[in-house]
Number of protein chains: 2
Amino acid sequence: MDTTQRTEQQRAADRRRRELLEAADRVVLRDGPQASMNAIAAEAGITKPILYRHFGDKGGLYAALAKRHTDALLNSLRDALDAPAERRERVEATLDTYLAAIEARPQVYRFLMHPAEGSTGTDQGFDVGKHSAPLLRRMGEELAQVIGDRLDLGPNSQQLARVWGHGIVGMMHAAGDWWLGERPCSRAELVKSLADLLWGRLAAAGDKVGGPGF
Amino acid sequence: MDTTQRTEQQRAADRRRRELLEAADRVVLRDGPQASMNAIAAEAGITKPILYRHFGDKGGLYAALAKRHTDALLNSLRDALDAPAERRERVEATLDTYLAAIEARPQVYRFLMHPAEGSTGTDQGFDVGKHSAPLLRRMGEELAQVIGDRLDLGPNSQQLARVWGHGIVGMMHAAGDWWLGERPCSRAELVKSLADLLWGRLAAAGDKVGGPGF
DNA sequence: ATAATGTGTTACTAGCGGTAACCCGAGTCT
DNA sequence: AGACTCGGGTTACCGCTAGTAACACATTAT
């Protein structure tokens, strides 16, 4: 009975937690990443201290919120990456999946790319480096894993795979961010251009006529 | 006399402005991007309203501060990009210049990558997209310019160049950020790995032995 | 009945960005 | 000389934020 009661309470707490996260989601989607704890609590129909009891601080809530979306996106990406097809096709499918996601829900995207950032208090330590959004890091590691598993890169394969994983993810991220802001072309064109870049067209391109021997 | 007096005042104001920026620089380097206006004012030996008279708001100060560093970094990069050498060599030199810069002054780097972000007030609008650090955008455009000017990419050359510019900058950024945090290899190795990626080694690599026909 | 435990609230602190109001010294006009 | 504007400076405040302490109600165990 003791244990059953415990689990009963835990279940209730978990349900509660999910409700709170959904409310927070709505507010963040509406107000952007700087949504206040007050606003989130109001949306959930409760008051601040409850939020703090559940998530510790704002960073905790945001981390929990980000984890859900990050996991969802990573799952889609894994599917695209694991499809049975030519390498080029898989790369394009993965790029397209990512771009479709950020296109469909730009506010979620924007939120995910902005780390906690807050923590007004004793944040003296100020960890230099590793400041990037966790999503980028996780995508990079994931991609590195796939590359290292599937490709034969000679010695130092693992390290090369990790560099490439993070590099490719960064390329995707920056190009996607720019594209989302300016919409200079269709998604398909962007995908093709990026894949071309990865396929070495930069190295293969000829110098412009009239240019000196550079 | 009227004009000379005006210029006199303007000169004084400009000197003042430089002093304030240098003080702000010291504080930001010490306290990180969340340095408070109070702290900056104190470091400069004055009080808040003066800062606000000069820079409007925190975003203005941070923009001015960022512009200085951004301009400096962009100049170095232009030098590396314009050096008379083979393309591969220039690419490697540019990557190395960027990585050396973020390695030498990681705090500046971290500051530059975090946009204003604050503006607690009426920031309702919340521009989706284009949220990236201005530094990334400027580097991307700059690189796009160089690529478009120098390379013969067939039709749609300009658009392709812009995609590549932002993509390559993003690759550099993400890989650099990860590298700065984990230091998994030397700078030279990182440079070579990234250049290899851009040179199409991803497409050229063979499948791993034992893997199915993917 | 009474003690204990968990759930919720109100009411507060400290610090932030930003501003209004005042203050004082230097030059200027009468 | 004396009133008078005017630019640079400060103090004291506002509204907001994240985060917390302390109190109130219910439910259950003893």
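If the condition is being of a type outside the set (Lys, Arg), modelled with pLDDT under 95 and either under 17 Å from the mean Cα position of the chain (by Cα) or surrounded by 15 or more Cβ atoms within 10 Å (Cβ to Cβ) (or both), then segment B:81-91 contributes only B:Leu81. Checking A:Leu77, A:Leu65 one by one, the residue that is more than 19 Å from A:Glu22 (Cβ to Cβ), in contact (Cβ under 8 Å) with a residue 24 or more places away in the chain and open to solvent by less than 50 Å² (accessible area, probe 1.4 Å) is A:Leu77 and no other. Considering the conditions (1) more than 10 Å from DNA strand D (Cβ to nearest atom); (2) part of a helix (DSSP H, G or I); (3) farther than 11 Å from B:Leu20 by Cβ, B:Ala35 is excluded by exactly one of them, (2). Taking helices (runs of 4 or more DSSP H) as the structural unit, those lying wholly within segment B:49-118 and holding at least 1 residues that are away from every other protein chain (no Cβ under 14 Å) correspond to B:58-82, B:87-104. Looking at A:Arg11, A:Arg30, just one residue is loosely packed, with under 15 Cβ neighbours inside 10 Å, within 14 Å of chain B (Cβ to nearest Cβ) and either more than 10 Å from DNA strand D (Cβ to nearest atom) or not in a helix (DSSP H, G or I) (or both), and that residue is A:Arg30.
Starting from residues that are modelled with pLDDT of 90 or more and within 11 Å of DNA strand D (Cβ to nearest atom), keep the ones in segment B:14-27 and report whichever is farthest from the other protein chains (Cβ to nearest Cβ). Break it down into steps so the answer makes sense when it comes.
Step one: list which residues in segment B:14-27 are modelled with pLDDT of 90 or more, which gives B:17-27.
Next, only the ones that are within 11 Å of DNA strand D (Cβ to nearest atom) stay: B:17, B:19-20.
Values: B:Arg17: 26, B:Glu19: 25, B:Leu20: 22 Å.
Among residues in segment B:14-27 that are modelled with pLDDT of 90 or more and within 11 Å of DNA strand D (Cβ to nearest atom), the one farthest from the other protein chains (Cβ to nearest Cβ) is B:Arg17.
The values are calculated or read from the model by the stated rules, or taken from the named source; none is laboratory data. Just so you know, these numbers come straight off a predicted model, no measurement behind them. Cβ coordinates were reconstructed from backbone atoms using ideal geometry, including for glycine residues, and neighbour counts include every protein chain displayed. Just so you know, the surface numbers come from the protein's heavy atoms only, side chains and all, with ligands and any DNA or RNA stripped out. Shrake-Rupley method; radii C 1.70, N 1.55, O 1.52, S 1.80 Å.
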